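Engineer: My structure is below; once you've seen it, I'll send some questions.
The values are calculated or read from the model by the stated rules, or taken from the named source; none is laboratory data. Quantities reported herein were computed from a predicted structural model and do not represent experimental measurements. No Cβ is skipped: glycine too gets one built from the backbone with ideal geometry, and neighbour counts run over all protein chains shown.
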Amino acid sequence: MFIFEAMGESFKIMILEDSVLVKVISLKNEIEKRQNVINELKDTMNFSFFDAIDGRNLLSMKYFKYLRMLKGRAKKRGYITPSELGCTLSHFSVYHDFLNSDKEWLLVLEDDITINSNLFFLIESIINQNYSDYINILGGQEGLKRPRLIEFLFRKNIRILSSPFYGFFLYRTCSYLVSRAVVERLYSTHKNFCYLADDWGNIAIQSNIRGFTYCKIFSHPEDLSNSRIECERK
């Protein structure tokens, strides 16, 4: 499934095209972010960019259509911002593209991640141990308000969270790995309801997901001043 070669203390990894599809979600005009991703991943894996949907450009008719479909955290607060909706629709579209491929696993990344761990070893472990009924979160919890949970998650290379309710303590969609079976369920959920993309707890329950695994392969910036989503939430 994987090919790797030792390079000093690091590994050069190639994820073969017949097993894992790697998609990086990024707005088409985010040239600098895209170049940073290329610099991070070019010697690590084959990947392609998915042109993210900019929710600010959606027609009002489409926006209000999804507003009537709100579930979970978004329904509780009564709205979803245009950029949040764009994020949700981008991930939904990636699921659609993946299901039209012949791959067995989908690795979804966003354009603000950095690698900080042994990518090959941990992803190989997730696949080989067959966490195919889990949503495998690969980091990105930096700067959140639950330091004790983060400390708990980091005690092992791969932390198994065998309940969908753990999703209520996990945030962001910047890096996760899912099997075809899980993507099919996520796609069905997003086709019928409108959740915030990182409403993992409610999405997992609605999608009948067994639970989560967590390992810190990728990091997310703690400074959110340049985040469109965060700016719209203020």
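Engineer: Take the conditions aromatic (Phe, Trp, Tyr) and within 25 Å of residue 28 (Cβ to Cβ) and apply them to residue 79. Does it pass?
Structural biologist: Taking the combined requirement at face value, the residue does not satisfy it.
Engineer: Take residue 85 and tell me if it is touching a residue at least 24 places away in the same chain (Cβ under 8 Å), of a type in the set (A, V, I, L, M) and touching a Gly at 6+ places or on another chain (Cβ under 9 Å).
Structural biologist: Yes.
Engineer: With respect to the numbered conditions (1) at pLDDT below 95; (2) buried (at least 17 other Cβ atoms within 10 Å of the Cβ); (3) farther than 20 Å from residue 172 by Cβ, which one is the sole condition not fulfilled by residue 47?
Structural biologist: Residue 47 satisfies every listed condition except (3).
Engineer: Here's another thing I want to ask about it. Just checking, how many residues over region 64-76 are surrounded by 15 or more Cβ atoms within 10 Å (Cβ to Cβ) and in a helix (DSSP H, G or I)?
Structural biologist: Of the residues in that region, 6 qualify.
Engineer: Answer yes or no: is there a residue in region 204-221 that is at pLDDT below 90 and over 16 Å from the mean Cα position of the chain (by Cα).
Structural biologist: No.
Engineer: May I ask you to list the residues in region 94-144 that are within 15 Å of residue 184 (Cα to Cα), of a type outside the set (D, E, K, R), touching a residue at least 40 places away in the same chain (Cβ under 8 Å) and exposed (fewer than 15 other Cβ atoms within 10 Å of the Cβ)?
Structural biologist: 96, 99, 101 - these are the residues of region 94-144 that are within 15 Å of residue 184 (Cα to Cα), of a type outside the set (D, E, K, R), touching a residue at least 40 places away in the same chain (Cβ under 8 Å) and exposed (fewer than 15 other Cβ atoms within 10 Å of the Cβ).
Engineer: Next question. Hey, can you tell me all the residues within region 182-202 that are assigned to a helix (DSSP H, G or I) and either hydroxyl-bearing (Ser, Thr, Tyr) or more than 16 Å from residue 96 (Cβ to Cβ) (or both)?
Structural biologist: Matches in region 182-202: 187, 188, 189, 200, 201, 202.
Engineer: Residue by residue through region 14-58, note down the ones that are assigned to a helix (DSSP H, G or I) and either within 15 Å of the chain's Cα centre (by Cα) or aliphatic (A, V, I, L, M) (or both).
Structural biologist: 31, 37, 38, 41
Engineer: Assess whether residue 59 counts as being modelled with pLDDT of 95 or more and either out of contact with any Phe, Trp or Tyr (no Cβ under 8 Å at 6 or more places or on another chain) or loosely packed, with under 13 Cβ neighbours inside 10 Å (or both).
Structural biologist: When the stated conditions are applied, residue 59 passes them.
Conditions tested, residue by residue: (1) over 13 Å from the mean Cα position of the chain (by Cα); (2) within 23 Å of residue 38 (Cβ to Cβ).
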| site | (1), (2) |
| --- | --- |
| 112 | no, yes |
| 117 | yes, yes |
| 120 | yes, yes |
| 125 | yes, no |
| 129 | yes, no |
| 132 | yes, no |
| 137 | no, no |
| 141 | no, no |
| 144 | yes, no |
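Engineer: Still on this model: Scan region 77-93 residue by residue and report those that are in a helix (DSSP H, G or I) and over 18 Å from residue 187 (Cα atoms).
Structural biologist: Correct list: 77, 82, 83.
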